[in-house]
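Trainee: Below: one structure in structure tokens.
The values are calculated or read from the model by the stated rules, or taken from the named source; none is laboratory data. Since the model is a prediction, treat every value here as computed from it, not as a measurement. Glycine also receives a Cβ, built like all others from the backbone with ideal geometry; neighbour counts cover every protein chain displayed. All accessible areas refer to the heavy atoms of the entire protein, side chains included, with ligands and DNA or RNA removed. Shrake-Rupley method; radii C 1.70, N 1.55, O 1.52, S 1.80 Å.
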Amino acid sequence: MLSVVADESARPELRADLDELAREGARRMLAVALEAEVDDYLAAHAAERDERGRRLVVRNGHARQREVTTVAGSIPVRTPRVDDRRVDPATGERARFRSVILPPWCRKSLRVGEVLPLLYLHGLSTGDFVPALEAFFGSAAGLSAATVGRLLAGWQADYQAFCGRDLSDRDYVYCWADGVHFRVRLEQARLCCLVIVGVRADGTKELVAVADGERESTDSWAELLRDLRRRGMCAPVVMVGDGALGLWAALRDVFPATRHQRDWVHKTANVLGCLPTSVQAGARKALSEIRDAPDRDHAQRAIEVFARDYGTKWPKAAAKITDDAEELLCFYDFPAEHWLHLKTSNPIESTFATVRLRTRVTKGPGSKAAGLAMAFKLLEAAQDRWRAVNGPHLVALVRAGARFDKGVIVERPDELGEVAA
């Protein structure tokens, strides 16, 4: 039988808890890495000597110990120093060794710097950081509310840079648009956040715009769309959104060539809201037969059936489908692989569930500016997890003007016209 035998000097380490072992291991590995980095630097400049034959790059002891906060906890570090006597002949400045692993200014790893604002975004208040994370990191250094506040202050600059970026090098073929409302703690009015997410020609999804809107009005949407156009954005082929009239009126003014596709999730909820509870189950099934029909012809017939069954008693509910039939069935003119994505604005709705969670925890952001920055950072963080649309290779064909019949590309459009004739 195998057994572990430890000498007396090792017993204190064996008695240490798992977190202490992790921190000690991290400290040792970091020390070894820093020594190896200095050794490589010295070896690279070993041949450089002065007129007396002495080396210009030599060791110079160690710096004072400092605490560095990492994902393994807070660990003490003494970085090796280098005496570099070389002089740049062009500028006359002394050369200096700078560690890539642990720069002189670094007091916490980049991962920790990234996770602190995200913890705030997902509901942890600034005053709770020290008691919540001190035990995990082993130290309160760098975890104060002021430190977190400084990290959050950078969001405003990131958001402003995002709002001013050039869009001429991007091509959004499909776009989803929605307005999301949430409370602002220090102001009376609620924040209406106008969001647009686009699909690029390679099939990937990307955040296009986040802006403050006035109750999703036509003027607010038009101003946002005009700003995107000024920065070089081309008209998308299809815009997906709910029944907010402001969006569609603004779209007709700014991007008149863009097709309209109504969101089926919102439409279904609106129709069911006009029907008594006793018939909603059957109406929901009838609506799904329209939405999930194999082609436009079957969908049109399903609309006729819905209007016949519910139009007499509940004309308002039936009109919500018949009046918007063209916008509801727009997706049938595009690849079948894309139908699932074009039926709903879920890419925005699902992402903003996190924003609503955050604003419920903190009773809303402190101001509209903070709310917009918060929404932008949450969407930016979620963007890395968005998957490309199905059939991404077909997106470029849609932009090129290819025609599709029953979800399949028409190789020779003239043949389709002959068949119709």
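Trainee: With the requirement that a residue be assigned to a helix (DSSP H, G or I) and either in contact (Cβ under 8 Å) with a residue 40 or more places away in the chain or in contact with a Cys (Cβ under 6 Å, 6 or more places away or on another chain) (or both), what does the stretch 310-320 give you?
Mentor: Hits for the stretch 310-320 are LYS316, ALA317, LYS320.
Trainee: Being touching a helix residue (DSSP H, G or I) at 6+ places or on another chain (Cβ under 6 Å), open to solvent by 50 Å² or more (accessible area, probe 1.4 Å) and not acidic (Asp, Glu): is that true of ARG259 here?
Mentor: Yes.
Trainee: Scan the stretch 93-103 for residues that are of a type outside the set (Lys, Arg), open to solvent by 50 Å² or more (accessible area, probe 1.4 Å) and within 13 Å of VAL38 (Cα to Cα) and jot them down.
Mentor: Across the stretch 93-103, the qualifying residues are VAL100, ILE101.
Trainee: Among ALA249, ALA244, which is the only one that is modelled with pLDDT under 95, more than 26 Å from the chain's Cα centre (by Cα) and either of a type in the set (Gly, Ala, Ser) or surrounded by 21 or more Cβ atoms within 10 Å (Cβ to Cβ) (or both)?
Mentor: On inspection, the qualifying residue turns out to be ALA249.
Trainee: Ok, one more. Please determine whether any residue of the stretch 240-255 is closer than 24 Å to LYS406 by Cβ and without any contact (Cβ under 8 Å) to a residue 12 or more places away in the chain.
Mentor: The answer is no, given that none of the residues of the stretch 240-255 is closer than 24 Å to LYS406 by Cβ and without any contact (Cβ under 8 Å) to a residue 12 or more places away in the chain.
Trainee: Now for a different question. Test THR126 against the criterion of being open to solvent by 70 Å² or more (accessible area, probe 1.4 Å), at pLDDT below 85 and either of a type in the set (S, T, N, Q) or in contact with a Ser or Thr (Cβ under 8 Å, 6 or more places away or on another chain) (or both), and give yes or no.
Mentor: Against the criterion (open to solvent by 70 Å² or more (accessible area, probe 1.4 Å), at pLDDT below 85 and either of a type in the set (S, T, N, Q) or in contact with a Ser or Thr (Cβ under 8 Å, 6 or more places away or on another chain) (or both)), THR126 does not qualify.
Matching residues to (1) in contact (Cβ under 8 Å) with a residue 60 or more places away in the chain; (2) open to solvent by 40 Å² or more (accessible area, probe 1.4 Å); (3) of a type in the set (Asp, Glu):
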site	(1), (2), (3)
ARG200	yes, yes, no
ARG215	no, yes, no
PRO236	yes, no, no
THR277	no, yes, no
LEU287	no, no, no
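Trainee: Then there is this: Filter the stretch 310-319 down to residues that are crowded, with 19+ Cβ neighbours inside 10 Å and closer than 19 Å to ASP242 by Cα, then give me how many there are.
Mentor: The initial filter retains those residues of the stretch 310-319 that are crowded, with 19+ Cβ neighbours inside 10 Å, namely 310, 317-318.
Filter again for closer than 19 Å to ASP242 by Cα, leaving 317-318.
Within the stretch 310-319, residues that are crowded, with 19+ Cβ neighbours inside 10 Å and closer than 19 Å to ASP242 by Cα number 2.
Trainee: Can you find, within the stretch 289-309, the residue that is farthest from TYR174 (Cα to Cα) among those that are open to solvent by less than 30 Å² (accessible area, probe 1.4 Å) and in contact (Cβ under 8 Å) with a residue 12 or more places away in the chain?
Mentor: Checked the stretch 289-309; the qualifying residue farthest from TYR174 (Cα to Cα) is PHE306.
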